[in-house]
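The values are calculated or read from the model by the stated rules, or taken from the named source; none is laboratory data. Here the structure is a predicted model, which is why all the values come from computation and not from measurement. Cβ atoms come from the backbone with ideal geometry, glycine included; neighbour counts cover every protein chain shown.
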Ligand SMILES: Cc1ncc(COP(=O)(O)O)c(C=O)c1O
């Protein structure tokens, strides 16, 4: 059989010990939602990032919807978001009425360019979204006080970067709000879907439980009769905002507890593997990776590279060759958001983002799933080398 590496729709496998733990939850958990495992998962997550006020929700997109509501956007308020990210980083803010201003990326790190953000700030800027894309932690320390003085809220999209750090501080702990994803392909998953929202402000954080659960606040303690009035209070205390239903089941939370224990080890494996692949390909200077192996600055959720050959071939040739000859499925990410008809039709205009365009048009993302074995990694390296040599000859 021919070798291959697919672009998999799952990143993780479970040990028999994990499955035993989860089977017990499936058999015995009561309630099946909003119970013991939710509390435990949230507590352990809080401990992991070192911040209270973390709330499990159904996805990072859901977390961003809650954040967008809490921003209390008024007509004309602007939110600066990188155009080089997954669409969920932007949709919640657009839905809640923000004027979206696209920011560009730094060409080497492929995350937001602080100088570009500064240029795009106006009197109407309400918030800036920093996306720790590909698993690389944005260092926005240099402009924190600049943003704070202007009363601009900082939102961290950590969907791809749980566990990454800048100067010993974990992503998602520096801004005013942050979101995390436990989708199937992320660095940890809660059985395919899930997320977490962090809200720094204690007053605002008290509204999150209601916002994620149809406005319900906690039941009173010692509740004897389930069916008597006061079935949880519908008392959201946010003017003109309807709540959502973004809750997550007990079994998902139990899976989160299992995965969270392994997170640092999984991230370490990702960093080591990325280092091995990048260093093995260092003779091919037409391929530019973001090589940041210091501490946990880059947890390599994905392994992407800018491909700039000297001849007339391009990354589409590389993608096709890797698939057709070696059975390796690669991807392109992230289509600049202003090019999507969805955003265009909604009247969101393009801003100048030359690096976003140039990077996307010439990038390739290699399969980088945690289930890949050493032989898969070696096969990937060998195949990329051979493909690059073949393309040089054209
Ligand atoms: C940068 C970024 N933000 C947000 C999301 C949304 O995450 P979820 O699928 O949990 O809603 C994703 C998912 O791919 C993402 O990559």
* **Search result, residues across the stretch 130-153 that are touching a helix residue (DSSP H, G or I) at 6+ places or on another chain (Cβ under 6 Å) and either buried (at least 24 other Cβ atoms within 10 Å of the Cβ) or assigned to a strand (DSSP E or B) (or both)** => 131
* Asked: Do we have residue 184 as under 28 Å from residue 339 (Cα atoms), in contact with a helix residue (DSSP H, G or I) (Cβ under 8 Å, 6 or more places away or on another chain), outside any helix (DSSP H, G or I) and outside the structural domain of residue 273 (by TED's automatic domain parsing) here?
  -> no
* **Enumeration of residues in the stretch 39-50 that are in contact with a strand residue (DSSP E or B) (Cβ under 6 Å, 6 or more places away or on another chain) and away from the ligand (no atom under 16 Å from the Cβ)** => 42, 46, 49
* Do we have residue 222 as over 20 Å from the mean Cα position of the chain (by Cα) and at pLDDT below 85 here? -> yes
* Where residues in the stretch 166-180 are touching a residue at least 60 places away in the same chain (Cβ under 8 Å) and surrounded by fewer than 22 Cβ atoms within 10 Å (Cβ to Cβ), which of them is farthest from the ligand (Cβ to nearest atom)? -> 168
* How many residues are within 16 Å of the ligand (Cβ to nearest atom), under 14 Å from residue 349 (Cα atoms) and touching a helix residue (DSSP H, G or I) at 6+ places or on another chain (Cβ under 7 Å) if we restrict to the stretch 92-103? -> 3
* **Boolean, residue 94 is touching a strand residue (DSSP E or B) at 6+ places or on another chain (Cβ under 7 Å) and part of a helix (DSSP H, G or I)** => yes
* **Single condition residue 123 does not satisfy, out of (1) more than 16 Å from the ligand (Cβ to nearest atom); (2) assigned to a loop (DSSP other than H, G, I, E, B); (3) crowded, with 21+ Cβ neighbours inside 10 Å** => (3)
* Structure fact -> residue 183 vs (1) more than 11 Å from the chain's Cα centre (by Cα); (2) surrounded by fewer than 24 Cβ atoms within 10 Å (Cβ to Cβ): all pass except (1)
